[in-house]
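The values are calculated or read from the model by the stated rules, or taken from the named source; none is laboratory data. These numbers come from a predicted model, not from an experiment. Reconstructed Cβ throughout: ideal geometry from the backbone, glycine too, with neighbour counts over all protein chains shown. Only protein heavy atoms, including side chains, enter the accessible area calculation; ligands, DNA and RNA are left aside. Shrake-Rupley method; radii C 1.70, N 1.55, O 1.52, S 1.80 Å.
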Amino acid sequence: MKAKKIAVIGAGVSGLGAIKSCLEEGLEPTCFEKGSDIGGLWRYEETPDTGRAGIYKSLTCNTSKEMTAFSDYPVPDHFPNYMHNSKMMEYLRMYARHFGLMQHIEFLAKVCSVRKRPDFSSSGQWDVVVEADGKQQSYIFDGVMICSGHYTEKHLPLQEFAGIQKFRGRYLHSWEYKHPDAFAGKRVVVIGIGNSGADVAGEISRVAEQVFLSTRRGAWIWNRVWDDGNPMDTALFTRYNRALQKLLPSFLINRWTEKKLNARFNHANYGLQAAHRIFSYQTVVSDDLPNHIVTGRVRMKPNVEEFTETSALFEDGTEEKVDTVLFATGYTFSFPFLEDDLAILDSQHSMYKLVFPPQLERPTLAFIGLLQPVGALIPTAELQSRWVVRVFQGLKNLPSETDMLAEVNRRKRRMAKEFVDSPRDASRVNYIDYMDEIASELGVKPNLLSLFLWDAKLAREVFYGPCTPYQYRLQGPGKWTGARAAILTQRARILKPLRTRVLQHSGSRSSRWLWVTSACAVIFLSASMVIILQMTGH
């Protein structure tokens, strides 16, 4: 039987995982990437094209390498636990070469339209029009995987800030920010305290005259280094911890975590006190922000009420002279190539398990990586792709449209109950819960009972250790023979890049010499004391 042809849109981290998943299931993928290289969000460019993700030069991953890796390709042990964007690109290139993905990617190929074929209800096929070298070409595909991400269309809410049009200074979005040089000696207000806002405010503050960080709601600040120096996510994202969280009431979990973070620095004293409990809204990962606040380089401010020609007026009645406004206000979803998109997605982008549009007659279109995991994106997007290609092949079936819509609505009600209403949090998922949910659909969720019976050593690490992606290669479709070894050696890979200063063991020559000299010193002091006592007649 002829292999089904699948269009993969975008060659970022989600697209690479999608290509690999297609090849695993015997599908024939063609990936269209409008840029000249792989990497998507992680590819730094000084002047990115409109419609592409833009990152700043210093961007470093907020999730550690063991939690971020593809499930059958661990990050090299000597790579740092939190990778700079250049290291992430190096890893992605290694992954693409290892699995032969590059030959399936067409670069400088912009997808112009994706529309159902006239016989879609029976064939499930799509007409895809692609522009390359100034010419358009039409293709027919049996399935489409949209991996274009959601960090391309800037959300710039100028209408919410009175007076911004008469402001004489410069204003820009964090998408445009690359490095702090242009802000030397400036007075800058950064609006928004997501991860980008905290990073950019801190970095600019090193050269600016003053930075003001404006936030409506405040924020809870995590740091990458957790107890005993462990990467934060490897310490917290374990099956054991998740089991405890499910047993305990949410107010106790919130209270414990808030107390833990306040022990590092009191958020209220630093002007960061949040208007929400820690797990009901997005949190921020920033190692440096408290240091910048305590040294005065960053001053926390409430929301901007109005701009004048040369200053910002804040809701607390204060006014500050500013030269530059930087909006770290996030991004919006956009699929300009998707024709008749309202017939595919509703205005809220409701999808079954955040992947499949439930109203399609045939499940041959899927969105990959269009979610906000509280954890790493690469393994969640990869697991989505592994499930999707099984559905495309007819090896897994989806529920009826009615049942899918019912689950979508249940999820919305649960989200409304647990989280603050926010467009960003509409696609938020708990890492372990969501991975297990998709893994159950695919048949690759680890069987803990079986592991404890037959491989207790592995079972202990799966349950008590970090819930790394390799767990989802232990069984079922796509099983990887190296998964067990990858899990049992993950702690060694965490420590390898940290132990770059080799210490002598206690039995070494230097240690023995230290012991001898210490003993001599004790003997000398004792003898001196005896002589002094004799001389004084005691």
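Observations
- Loop-located trypsin sites (Lys or Arg not before Pro) in the stretch 428-491 (DSSP state not H, G, I, E or B) with no more than 13 neighbouring Cβ atoms inside 10 Å: Lys479.
- Calculated P(r) of the stretch 156-329 - Cα pairs past 23 Å, %: 43 percent
- Too-long pairs where the Cα-Cα distance tops 18 Å, listed order kept, from Lys57/Lys496; Lys396/Lys445; Lys65/Lys246; Lys353/Lys412: Lys57/Lys496; Lys65/Lys246
- Solvent-accessible area per residue for the stretch 156-329 (1.4 angstrom probe, square angstrom): 45 Å²
- The modelled label-to-label distance between Ser123 and Lys260, using points 7 Å beyond Cα along the C-beta direction, is 5.4 nm.
- Selection among Gln210, Phe161, Gln245 by position relative to the dipole of the chain gives Gln245 as farthest towards the positive end (Cβ unit charges, Cα centre).
- Considering only Cα atoms, the convex hull volume of the chain works out to 230 Å³ per residue.
- Between the listed residues Leu383, Trp480, Gln125, the Cα displaced farthest toward the positive end of the dipole of the chain, a dipole computed from Cβ unit charges relative to the Cα centre, is found at Trp480.
- Semi-axes of the equivalent ellipsoid for the stretch 13-128, Cα gyration tensor, largest first, Å: 29, 19, 12
- Cα-centred dipole magnitude for the stretch 215-360, charges only on beta-carbon of K, R (+1) and D, E (-1), debye, nearest 20: 1040 debye
- In this structure, the amide hydrogen of Ala208, modeled 1.01 Å from its nitrogen in the peptide plane, lies closer than 5 angstrom to those of Gly185, counting only residues at least 5 positions away or on a different chain.
- Whole-number percent relative contact order across the chain, with pairs defined as alpha carbons under 8 Å at least 6 apart: 19 percent
- Modelled label positions at Ala275 and Lys417, each set 7 Å beyond Cα in the direction of Cβ, lie 2.5 nm from each other.
- Carbon/sulfur fraction of accessible area - the stretch 156-329, other protein chains in place, 1.4 Å, %: 48 percent
- Taking the Cα centre of the chain as reference, the dipole from Cβ charges on Lys and Arg (+1) and Asp and Glu (-1) amounts to some 1720 debye.
- Among the trypsin sites (Lys or Arg not before Pro) found in the stretch 160-200, those both in a DSSP coil and sparsely packed, with 10 or fewer other Cβ atoms within 10 Å of their Cβ, are Arg168.
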